[in-house]
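The values are calculated or read from the model by the stated rules, or taken from the named source; none is laboratory data. Note that the structure is a prediction, hence the values are computed from the model and not measured. Counting neighbours? That spans all protein chains shown, and the Cβs are built from the backbone with ideal geometry, glycine included. Protein only, heavy atoms only, side chains kept; ligands, DNA and RNA dropped before computing areas. Shrake-Rupley method; radii C 1.70, N 1.55, O 1.52, S 1.80 Å.
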Amino acid sequence: MEKFINQALILARKAANKGEIPVGAVIVKNGKIIGEGYNKREQKQIATKHAEIIAIEKACKKLKSWRLDDCEIYVTLEPCPMCAGAIANARIKTLYYSAKEKTSNDNLLETILSSNRLNHKVEIKRCGGEKEAESLLKEFFKNKRKKSSN
């Protein structure tokens, strides 16, 4: 598990270096990475280019299937509602994430992933890397505020 979240953190740092919000995601099946991504919204100017969506698209392409049964996703930040829906719709078995979204005090992630409207439930677990993920995010936004005040 640690090597997968570490790879997601490498991707998050890559995103930050490119001026993107530092979030990385890795999809694993049978102990092997089959898809990975980092945020590219600014680079691509496409609202849906979140790390999780990019990783899901790559994993689907690799497996030649939209169903990512028995796969795990490792993400450096708690997924947003769009990404949570994509994770459920891709039939990913388990979501591991490091940092909690700072505005997340309403259990929205859990609500989405356990909704009775979905015929697939995703197991949610916290994993390591929380301090590094939080530090990357804090530093990114601190630098962004500094640049905008100049």
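Screening residue 122 against (1) hydrophobic (A, V, I, L, M, F, W, C); (2) within 21 Å of residue 67 (Cβ to Cβ); (3) open to solvent by 40 Å² or more (accessible area, probe 1.4 Å); (4) out of contact with any Asp or Glu (no Cβ under 9 Å at 6 or more places or on another chain) leaves a single unmet condition, (3). For segment 72-117, a tally of residues being modelled with pLDDT of 95 or more, more than 14 Å from the chain's Cα centre (by Cα) and open to solvent by less than 70 Å² (accessible area, probe 1.4 Å) returns 1.
A Cβ distance below 8 Å, combined with a sequence gap of six or more or placement on separate chains, defines the contacts here; from segment 63-83, residues that are in contact (Cβ under 8 Å) with a residue 60 or more places away in the chain reach residues that are among the polar types (S, T, N, Q) in the pairs 72/94; 74/7; 75/98; 76/98; 77/98.
From the list 134, 139, the lone residue that is under 17 Å from residue 80 (Cβ atoms) and acidic (Asp, Glu) is 134. Residues in segment 1-54 that are open to solvent by less than 10 Å² (accessible area, probe 1.4 Å), over 29 Å from residue 147 (Cα atoms) and part of a helix (DSSP H, G or I): 5 alone.
Do the conditions hold for residue 52, that is, is it within 20 Å of residue 108 (Cα to Cα), in contact with a Ser or Thr (Cβ under 8 Å, 6 or more places away or on another chain) and among the charged types (D, E, K, R)? Here the answer is no, as residue 52 does not meet what is asked. Checking the stated criteria, residue 101 turns out not to satisfy the condition of being assigned to a helix (DSSP H, G or I), of a type outside the set (Lys, Arg) and either closer than 21 Å to residue 27 by Cβ or in contact (Cβ under 8 Å) with a residue 12 or more places away in the chain (or both). Whether a residue is over 25 Å from residue 117 (Cα atoms) and part of a loop (DSSP other than H, G, I, E, B) was assessed, and residue 92 does not pass this test. Count of segment 104-136 residues, restricted to those that are more than 20 Å from residue 12 (Cα to Cα), acidic (Asp, Glu) and not in a loop (DSSP other than H, G, I, E, B), is 2. For segment 55-71, taking the residues that are open to solvent by 10 Å² or more (accessible area, probe 1.4 Å) and not in a loop (DSSP other than H, G, I, E, B), the one that is farthest from residue 138 (Cα to Cα) is identified as 63.
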